[in-house]
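Input: a single structure, listed below in structure tokens.
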Amino acid sequence: MIVIKNMLMKKRLYSGLLFIIVFFPIMGSSENLTRTTIVATMGTGAILNEDDAANARDRAISDSLISAIENILSGLLPVESLVANFKTLNSILYAYKDSLIQDYKVLTEEKYNKYYRVMVQATVSVNKLQQLLLESGIVIDRKTMPGILFLISEENLEDIASQYWWGSGMKDIITSTELALSETLQKKGFSVINHKTMDAKNFEGDTAAAYGAVLDHQAAMELASKYQADVVIIGTAQAIRASNTMGNDIKSFIGKISLQVYRTDTGTEIARDEKTAVSVDVNEISGGRAALTKVGVLAGEDIAPMVLSGWRKSDKKPTEIIVTVAGTNYLSNFVVFRETMKKIPGVKGSQVKEMESDKTVLIVQYQGDGKELANALLLNTFDNFGLNISLVSQSAIKIELIQAAR
């Protein structure tokens, strides 16, 4: 079906002389877009001299094809995302026009004064366009986007210790790298959790003091749970002096950042990145902050497509994993073990298949395979016993509960 919108005139200047008028069709929501969509657009190319009519026609056709792709973009993305990602979208339009347009035909054409006008019907590959947006880290549907929590400790040149918001009494701290990362991802359509305004469950006073500047996987998952985050980004950032100088005043500074990104529903890592950036300034503090901001933006651009890809992957359906558990002081330790396993992200339930005095065979419903579950179990520690995992396969794990060393 071809739908044509009321004429919306846009003018572009080519080589200081060529103006183009473009007409946009109305598009429905992104949910209604099929694998390919047929649209009709109009374009106008300036005739530069008496012998330029054929070239003007080609330019008008080319511009109307660009306009057809713009049409689909306007249906996929909200206005604010179009504005925020204007440079990237332009790159996509002009670099991938030929692969996005599957076919086209000129419906009608005419010369009008010094312009050549055409109406073109084009078939646009929506799937290809969506994939290019995905690879660029641009969110198509904000409603399905995860809530992201940043847990990044930062050390600038003026800091005597790392700065991080999850410490006791430090909730209002927003570091340069967090701010840069947050703004970069929000421009691409991601949802960022504001820890300054959101009240966390059971996170205050002495509880906050229990977390240090560098968080391990378990601590990050706990904090993400308290703030009801879907994705947690943990890492460290630092600004240092570089050796390059210019004259007596201008100095250079290096910003470094290291990030790991996890889904909180499964606890699995979906991205990691390390970046450096350099800034120059006469002032150490502002120079360090500039380097940290710069490296935060670079890291945000880097991880956006990885986070989007990791989140968009279909959630794994729970699979059945046979978990055999045996050991000394079996009964009391087994109860603690099973309760802990229930809290592991991705574990959807378990049932007893066989039970003996010193061994139990469980059927565990888990969003992943046996190797992933074994890795998740190893991240947990117990007061009175440890885990000796002797067998790991895609669908089975054997565990011995061993007495903790005294």
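The values are calculated or read from the model by the stated rules, or taken from the named source; none is laboratory data. Note that the structure is a prediction, hence the values are computed from the model and not measured. For neighbour counting, all protein chains shown are included, and Cβ atoms are generated from backbone atoms with ideal geometry for every residue, glycine included.
Out of the residues in the stretch 280-297 that are more than 23 Å from Lys187 (Cα to Cα) and out of contact with any Ser or Thr (no Cβ under 6 Å at 6 or more places or on another chain), which is surrounded by the most Cβ atoms within 10 Å (Cβ to Cβ)? Ranking the candidates gives Gly288 first. Across the stretch 266-281, the number of residues qualifying as closer than 17 Å to Ser225 by Cα and assigned to a strand (DSSP E or B) comes to 1. Filtering the stretch 75-124 to residues that are closer than 15 Å to Gly43 by Cβ, at pLDDT below 85 and of a type outside the set (Ser, Thr, Tyr) leaves Leu93, Lys97.
A count restricted to the stretch 333-343 and to residues that are surrounded by fewer than 18 Cβ atoms within 10 Å (Cβ to Cβ) and within 24 Å of Glu269 (Cβ to Cβ) stands at 3. Against the test of being touching a residue at least 24 places away in the same chain (Cβ under 8 Å) and not assigned by TED's automatic domain parsing to the domain that holds Val231, the options Pro345, Pro305 yield a single qualifying residue, Pro345.
Residues in the stretch 362-385 that are without any contact (Cβ under 8 Å) to a residue 24 or more places away in the chain and surrounded by fewer than 13 Cβ atoms within 10 Å (Cβ to Cβ): Leu378, Thr381, Asp383. Residues in the stretch 243-265 that are surrounded by 15 or more Cβ atoms within 10 Å (Cβ to Cβ) and assigned to a strand (DSSP E or B): 13 in all. When Glu354 is tested against (1) more than 30 Å from Ile234 (Cα to Cα); (2) surrounded by 13 or more Cβ atoms within 10 Å (Cβ to Cβ), exactly one condition is not met: (2). Evaluate the following for Leu181: is it modelled with pLDDT of 90 or more and surrounded by 15 or more Cβ atoms within 10 Å (Cβ to Cβ)? Judged against the criteria, Leu181 is a match. Remark: pairs (first residue in the stretch 318-332, surrounded by 13 or more Cβ atoms within 10 Å (Cβ to Cβ); second residue modelled with pLDDT under 85 and among the hydroxyl-bearing types (Ser, Thr, Tyr); Cβ separation under 8 Å; 6+ apart in sequence or on different chains) = Tyr330/Ser357. When Val335 is tested against the conditions (1) assigned by TED's automatic domain parsing to the domain that holds Ser393; (2) within 21 Å of the chain's Cα centre (by Cα); (3) part of a helix (DSSP H, G or I), the lone failure is (2). Quick check on this structure: which one of Ser74, Ser67 is assigned to a helix (DSSP H, G or I) and more than 19 Å from Leu134 (Cβ to Cβ)? Selected residue: Ser67, the only one of Ser74, Ser67 that is assigned to a helix (DSSP H, G or I) and more than 19 Å from Leu134 (Cβ to Cβ).
In this structure, is Glu372 outside any loop (DSSP other than H, G, I, E, B), within 12 Å of Thr324 (Cβ to Cβ) and of a type outside the set (A, V, I, L, M)? In short, no.
Rundown of residues vs (1) closer than 30 Å to Gly300 by Cα; (2) of a type outside the set (Lys, Arg), yes/no style:
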| position | (1), (2) |
| --- | --- |
| Ser67 | yes, yes |
| Phe86 | yes, yes |
| Tyr96 | yes, yes |
| Ile101 | no, yes |
| Lys114 | no, no |
| Ser125 | yes, yes |
| Ser153 | yes, yes |
| Ile160 | yes, yes |
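Taking residues in the stretch 187-198 that are under 20 Å from Ser309 (Cα atoms) and hydroxyl-bearing (Ser, Thr, Tyr), and partners anywhere that are modelled with pLDDT of 80 or more and surrounded by fewer than 16 Cβ atoms within 10 Å (Cβ to Cβ), not one pair has Cβ atoms closer than 8 Å while being at least 6 places apart or on different chains. The single condition among (1) modelled with pLDDT under 80; (2) within 19 Å of the chain's Cα centre (by Cα) that Met221 does not meet is (1). Checked against (1) crowded, with 17+ Cβ neighbours inside 10 Å; (2) of a type outside the set (Phe, Trp, Tyr); (3) under 30 Å from Glu183 (Cα atoms), Gln131 passes all but condition (1). Just one of the listed residues (Asp172, Asp98, Asp103) is surrounded by fewer than 16 Cβ atoms within 10 Å (Cβ to Cβ) and touching a Ser or Thr at 6+ places or on another chain (Cβ under 8 Å), and it is Asp103.
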